[in-house]
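Report on the structure given below.
The values are calculated or read from the model by the stated rules, or taken from the named source; none is laboratory data. These numbers were taken from a predicted model, which means no experiment stands behind them. Here the Cβ positions follow ideal geometry from the backbone for every residue, glycine too, while neighbour counts run over all protein chains shown.
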Amino acid sequence: MTPTNRYSYDEKRSFMRLHIGTDLSFTDAQGQTYTGRCLNLSASGMLLETDTEVTAGDLLSVTLPSTHPAIPSLASHTRVIRVTPGETQRFMVALEIQKVLE
């Protein structure tokens, strides 16, 4: 008899995901800037929702503005890992954070 795994998939992740639901902007390799909404954030990546279609492998510069003056905004270079069509012609975009900028 095989032992049952007591842990859910989320509990096996290397980093905890924070559900934040805040607006952000991102710039593609051609210098075009778009907007989206960060649904969750971890130390290694984020999930954003946007009406802009991007492709797996695209490199994006993302800025997640701070809502508090004592906390700096998060700026990072990311790579698109996965794109899933969402509801109402929006896309769910999984990003890998490659570098956090100062």
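Tell me yes or no: at least one residue of segment 58-72 is within 16 Å of ASN40 (Cα to Cα), in a strand (DSSP E or B) and without any contact (Cβ under 8 Å) to a residue 12 or more places away in the chain.
No, segment 58-72 contains no residue that is within 16 Å of ASN40 (Cα to Cα), in a strand (DSSP E or B) and without any contact (Cβ under 8 Å) to a residue 12 or more places away in the chain.
I need every pair where a residue in segment 21-40 that is free of Cβ contacts under 8 Å to residues at least 12 places away in the same chain and within 15 Å of ALA75 (Cβ to Cβ) has its Cβ under 7 Å from the Cβ of a residue that is surrounded by 12 or more Cβ atoms within 10 Å (Cβ to Cβ) and among the polar types (S, T, N, Q), sequence separation at least 6 or different chains.
THR33/SER25; THR33/THR27
Quick check on my filter: what residues within segment 40-54 are more than 8 Å from the chain's Cα centre (by Cα) and either crowded, with 19+ Cβ neighbours inside 10 Å or farther than 11 Å from ILE97 by Cα (or both)?
Passing the criteria: GLU49, THR50, ASP51, THR52, GLU53, VAL54.
Taking the condition of being assigned to a strand (DSSP E or B) and under 13 Å from LEU64 (Cβ atoms), how many residues in segment 29-49 meet it?
11
Hey, does segment 17-28 have a residue that's outside any loop (DSSP other than H, G, I, E, B), among the small types (Gly, Ala, Ser) and at pLDDT below 95?
yes
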